[in-house]
Amino acid sequence: MKLNVIFYSMYGHIYKMAEAVAEGAKEVKGADVALYQVPETLAPDVIAKMGAAEAKKKFSHIPIATVDNLAEADAVIFGAPTRFGNMCAQMRTFLDSTGGLWQKGGLIGKAGSVFASSATQHGGQESTILSFHTTLLHHGMVIVGLPYSEGRQMTVSEISGGSPYGAATIAGSDGSRMPSENELAMARFQGKHVATIAKKLAGK
């Protein structure tokens, strides 16, 4: 059973969450898990001006995603930061290139799931995931969220992302806050949960 984690990250928050998602998915016997990042659409000089060049070097070894990485998988878990309550443009551009795959019905019946990040607790982590689901539904994917059996999403003793729609991390207004252990644990849970369901859907 093949599961691909496809993400976009600028400062490393989503990359850290993607690693945790992959760790969780690998706990499921027979799961072949791979990480991919969507192509960057910003010019290198723009990335440098945004102060993201050094951060992006830390995950530059992750291969660039192609539409084939969607078609080959039994399940895909997407990760994207919030941009004004929606997914970032880089992820939107990648998804907008999947028209041919849609015409073939290439993702129908496959498990799809989403995790996200936002600057603040109410900065759009939930709306980003929910708006992402629209695209997955158009592709005929079976949406998998983060069930309340993962009780860490109800944590109130500390600031934490995460909801029944999917794991999330809060980066802080200046991006200085990296994913907490609580948030990473939810990401691992989500990875394992999606892999378990995908294995059943694939009959493997």
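What follows draws every value from the coordinates through simple rules; no lab data is involved. No experiment lies behind these values; they were computed from the predicted model shown. Please note: Cβ atoms are built from the backbone with ideal geometry, for glycine as well, and neighbour counts cover all protein chains shown.
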Checklist entry - Could you list, in sequence order, the residues of the range 27-45 that are touching a residue at least 12 places away in the same chain (Cβ under 8 Å) and under 23 Å from LYS192 (Cβ atoms)? => result GLU27, VAL28, GLY30, ALA31, ASP32, VAL33, ALA34, LEU35, TYR36, GLN37
Item to check | Test: residue in the range 152-163 that is crowded, with 20+ Cβ neighbours inside 10 Å, more than 19 Å from TYR36 (Cα to Cα) and touching a residue at least 40 places away in the same chain (Cβ under 8 Å) | outcome: yes
Item to check | Extreme residue, surrounded by the fewest Cβ atoms within 10 Å (Cβ to Cβ), among residues of the range 54-102 that are assigned to a loop (DSSP other than H, G, I, E, B) and hydroxyl-bearing (Ser, Thr, Tyr) | outcome: SER60
Checklist entry - Since ALA48 meets every condition but one in (1) outside any helix (DSSP H, G or I); (2) without any contact (Cβ under 8 Å) to a residue 60 or more places away in the chain; (3) over 16 Å from the mean Cα position of the chain (by Cα); (4) over 16 Å from ALA171 (Cα atoms), which condition does it not meet? => result (1)
Checklist outcome for this item: Counted residues in the range 132-142 being on the phi < 0 side of the Ramachandran plot and surrounded by fewer than 17 Cβ atoms within 10 Å (Cβ to Cβ) come to 3
Checklist outcome for this item: Within the range 190-204, residues under 20 Å from PHE132 (Cα atoms) and not polar (S, T, N, Q) come out as GLY191, HIS193, VAL194, ALA195, ILE197, ALA198
Item to check | Enumeration of residues in the range 136-149 that are in contact (Cβ under 8 Å) with a residue 24 or more places away in the chain, out of contact with any Ser or Thr (no Cβ under 8 Å at 6 or more places or on another chain) and over 15 Å from GLY105 (Cβ atoms) | outcome: PRO147
